[in-house]
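The values are calculated or read from the model by the stated rules, or taken from the named source; none is laboratory data. All values derive from a computational prediction rather than experimental measurement. Note: ideal-geometry Cβ built from the backbone for every residue, glycine included; neighbour counts use all protein chains shown. Ligands, DNA and RNA are excluded from the accessible area calculation, which covers all protein heavy atoms including side chains. Shrake-Rupley method; radii C 1.70, N 1.55, O 1.52, S 1.80 Å.
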Amino acid sequence: MKFKRQIPNILSVIRLFMIPVFAVCYFRYDTGYGPLVAAGVYIFAWATDILDGYLARRNNWITELGKILDPLADKLMQLTAAVCFTVDNRVFLMLLIPLVIKELAMLCGALLIMRTQKTVEPSHWYGKAATVIIFLCSMTRILVRGNGTLDPVLAVIMLCVMVFALIMYYFKDFKGKYKLSFRRQ
């Protein structure tokens, strides 16, 4: 029974191993069926994310390790995709740089909450909505690679939802729920 409780964590570890596989597929197969292979890896990683969350909540298999592994795998996959897109088209720098800043800010906020409140804040609807929209934009970018007109539109959409989620987490959780500040009082 204890093994079953670890299934969501195992799925998160599998997702972590899929990150370099995605990057290799993205760059190695740029013609023919290549985009479909990279998209397949990306979809499989996303499906493991959905499955591990579903199993953890449905069966009460939520662990402290899982609260860290799951978002880590998600964020590293998003970051890897953003780096791949930026290598292809510099317009994605408008996404990559704020993504790195956002993730560092989220990490600092999470560490502060863990230190002061002794808890790990779960994701909320706005974070999940941003993840879904970023996934759909990323899939579009993977499958319709090299479209100079579409790339800036996708980058702006991803940037907007990412900033929206960050603002919501800041005001609803960090400052709202926990009344925390980065400034010393």
Can you run phi through the Karplus equation (6.51, -1.76, 1.60; θ = phi - 60°) for the range 78-93 and list ³J(HN,Hα) in whole Hz, with x for Gly and Pro?
-> 4, 5, 4, 4, 5, 5, 4, 5, 5, 4, 6, 8, 4, 4, 6, 4
The chain accessible area per residue, 1.4 Å probe, protein heavy atoms, integer Å², reads 58
Once phi is turned into ³J(HN,Hα) by the Karplus curve 6.51 cos²θ - 1.76 cosθ + 1.60 with θ = phi - 60°, what whole-Hz value does each residue of the range 21-26 show in order, with x for glycine and proline?
-> 4, 4, 4, 4, 4, 4
Using a 1.4 Å probe over the heavy atoms of the protein chains, calculate the carbon and sulfur portion of the accessible area of the range 78-145 as a whole percent.
-> 74
Each residue of the range 137-153 in turn: what ³J(HN,Hα) in whole Hz from Karplus with 6.51, -1.76, 1.60 and θ = phi - 60°, glycine and Pro shown as x?
-> 5, 5, 4, 4, 5, 5, 7, 10, 7, x, 8, x, 7, 6, 3, x, 5
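Here are some pairs, Lys4/Lys175; Lys4/Lys128; Lys4/Lys118; Lys75/Lys172; which of them have Cα atoms lying more than 31 Å apart in this structure? Numbers along the way, then the final one.
Details: Lys4/Lys175 37 Å; Lys4/Lys128 25 Å; Lys4/Lys118 26 Å; Lys75/Lys172 21 Å.
Violating the 31 Å Cα-Cα cut-off are Lys4/Lys175.
Can you compute the charge dipole magnitude of the range 1-120 about its Cα centre, using +1 on each Lys and Arg Cβ and -1 on each Asp and Glu Cβ, nothing else charged? Give it in debye, rounded to the nearest 20.
Result for the range 1-120 is approximately 500 debye, rounded to the nearest 20.
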Find which of Leu72, Phe17, Ala38 sits farthest along the positive direction of the dipole of the range 6-147, computed with +1 on the beta-carbon of Lys and Arg, -1 on that of Asp and Glu, about the Cα centre.
-> Leu72
